[in-house]
Amino acid sequence: MSHAGTLAMIPALGYVAGKVAEHKEQLLQDLNAALSTLLDTPIREMPVQLLLQILAALVLAVAVLVWYVRKAAAKPKPVYLLDFAMAHPPDTWRFTKERFVPANSLNTRFNPESLDFLGKMLERSGLGNDTYTPPWLVNEPIVMDIAHARLEFEVTCFTAVQELLNKTGIQPRQIGCVIVNSSLFNPTPSLAAMIMNHFKMGSKTINYNLGGMGCSASLVAIDLAKQVLATLKDTYVLVVSHENITNNWYPGNDRSMLLPNCIFRCNGAAMLMTNKPTEARRAKYELQHLVRVNLAGQDRAYRCVYQLEDENGDLGVRLSKDLTAVAASALQKNMVTLGPLVLPFSEKFLFAVNLLKRKFSGKKVAPYTPDFQLAFDHICIHSGGRAVIDGMQKHLALSDAAIEPSRAGLYRWGNVSSASVWYVLSYIETYKGLKGGDKVWQLSFGSGFKCNSAVWVAKKTFKDTHTCWTGFDPAKMWEDLNALTATLAAEKAAKRAAAEAAGQTLPENGH
């Protein structure tokens, strides 16, 4: 029944309640007499009509009971995020912007044009001076073998898992399932098996390894964990998200494949999920919604982030010029599904009115973008690059305060692939804190092409300092980013002025 219907019944219920109170004694006497007569009368002597009424009442009662039992059984059991922990590589892996070009010069296969391009891209990237890269990629001799790729995973992810176990007090043998996502590094035995071996988990623990799913893979892994928890009773699922830099370093000169070298950095995230009712009180979050959109059936979307060998046989990942348009399309489809689940009625109404205007007015009407800040208290956008964050802020009309955690994730850690939404959430926990009932939106994009959303509800009020943000200065970040914005605006204005002097017209983006 609707809220309006319930409100409409209140006067009638009040009238009935008044009459019952007025004739309470008489009603009780009549009920007592009826029960006495019913109990003292043998069934064979009862009127047929009374028997039918009793039978109908029993059937109705059983039907209602069955309906309630089935409804309770069909309702998904809550899925909790007990806690999570982030990788923080050793200080010896720190990779400043000043070291970037000299370190890349050690690769004698890079030509001068590629080195110049790498330097310019880094300056415009929005990264700070405290990101991390494996030392064997930026010192002589450069090493990119599988042994060092494994070592990178161990240094980043083993430490994150150990910190998570320490925080929660959960023993490795209590974990019922391990899920690892790593897009480009998938050795044999699997990374999930590496974790099980290192932490000596039990033989009943099952594992899954997700590969090739790009920067949105962590939320895919969360979705898989949710499904596992729907089948396994009272257990824990460990989810580990990682992207390997050693295995993904491109040594060639194809510009469409060089950008990942500029912005991808070391990373790792470990999350512990559970369906145990006894953990509800100490869990940080409950998973409310998870929406996945996959455009892999479209050729343009499928190929916009594509691993292949260049003309010289060097393996890398090519980013096409269609990436921005494809990401916008995937985001739109995700929002269409997510919006009705989370937006307040006012935003749904405005969206519906706009939709009708665009369909029937016969005029060109700009689509209405709902204000998702009314639905969420905190937003974690994949920190895939400065242009990605700028685009999301503009498209979703987000304030600087709302987008700050994502900018901080990129500035402090670089593009950390699927783990980025967890570095962003750890920033929120460290600097802002959460109140019980706060809603968190994690939004990620990745090859395929995919756009995934997860909505979490904070179970309690808390503030948790993550070591990966120790010493970070948000004011210094904004000072650097504002200076970068001013520099890029000046360059754009100078380029436009030069073009106008030459009688040329530049597109709106100034390029």
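The values are calculated or read from the model by the stated rules, or taken from the named source; none is laboratory data. The structure displayed is predicted, hence computed values, not measured ones. Neighbour counts run over all protein chains shown; Cβ positions are idealised from the backbone, glycine included. The accessibility values were calculated without ligands, DNA or RNA, using every heavy atom of the protein model including side chains. Shrake-Rupley method; radii C 1.70, N 1.55, O 1.52, S 1.80 Å.
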Order by protection proxy (mean Cβ within 10 Å, highest first), peptides 113-119, 477-483, 361-367: 113-119, 477-483, 361-367
Accessible-area value, T337, 1.4 Å probe, nucleic acids and ligands omitted, Å²: 70
Sequence of V64, V79 when ordered by accessible area, the most exposed leading, probe 1.4 angstrom: V64, V79
Accessible area (Å², 1.4 Å probe, nearest 10) - W456: 0
Total formal charge among the other residues, if their Cβ is under 15 angstrom from that of D438, Lys/Arg +1 and Asp/Glu -1: +3
Local net charge near G176, Cβ-Cβ under 11 Å (Lys/Arg +1, Asp/Glu -1): +3
When the convex hull of its Cα atoms is projected in every direction, mean area for segment 221-364 (nm²): 14.0
Relative counts (whole %) of C-alpha pair distances in the chain, using bins that are 20 Å wide: 19, 46, 21, 10, 4, 0
Filter on K200/K459; K97/K459; K432/K492; K120/K463; K394/K492; K364/K439 - keep pairs with C-alpha separation over 29 Å: K200/K459; K97/K459; K432/K492; K120/K463; K364/K439
Neighbour net charge for A160 - beta-carbon separation under 14 angstrom, K R +1, D E -1: -4
Accessible area of the chain belonging to carbon and sulfur atoms, whole % at 1.4 Å probe: 59
Karplus 3J(HN,Hα) series, Hz, for segment 85-93 with 6.51 cos²θ - 1.76 cosθ + 1.60 (x for Gly, Pro): 9, 10, 6, 9, x, x, 4, 5, 8
Residue-span extension gain [A494 to F360] - 0.36 nm each, minus C-alpha spacing: 43.8 nm
In order through segment 197-212: 3J(HN,Hα) via Karplus (6.51 cos²θ - 1.76 cosθ + 1.60), integer Hz, x for Gly, Pro: 5, 5, 9, 6, 7, x, 6, 8, 6, 9, 9, 9, 10, 9, x, x
Packing-based order for 174-186, 139-151, 322-334, 252-264, using average beta carbon neighbours within 10 Å, highest first: 174-186, 252-264, 322-334, 139-151
Estimated FRET transfer efficiency when R0 is 30 angstrom, pair H395-A280 (beta carbons, to 0.05): 0.25
Cα Rg, Dmax (largest Cα-Cα span) when computed across segment 363-511, Å: 18.2, 62
Per residue accessible area in Å² of the chain, where ligands, DNA and RNA are left out and the probe is 1.4 Å: 51
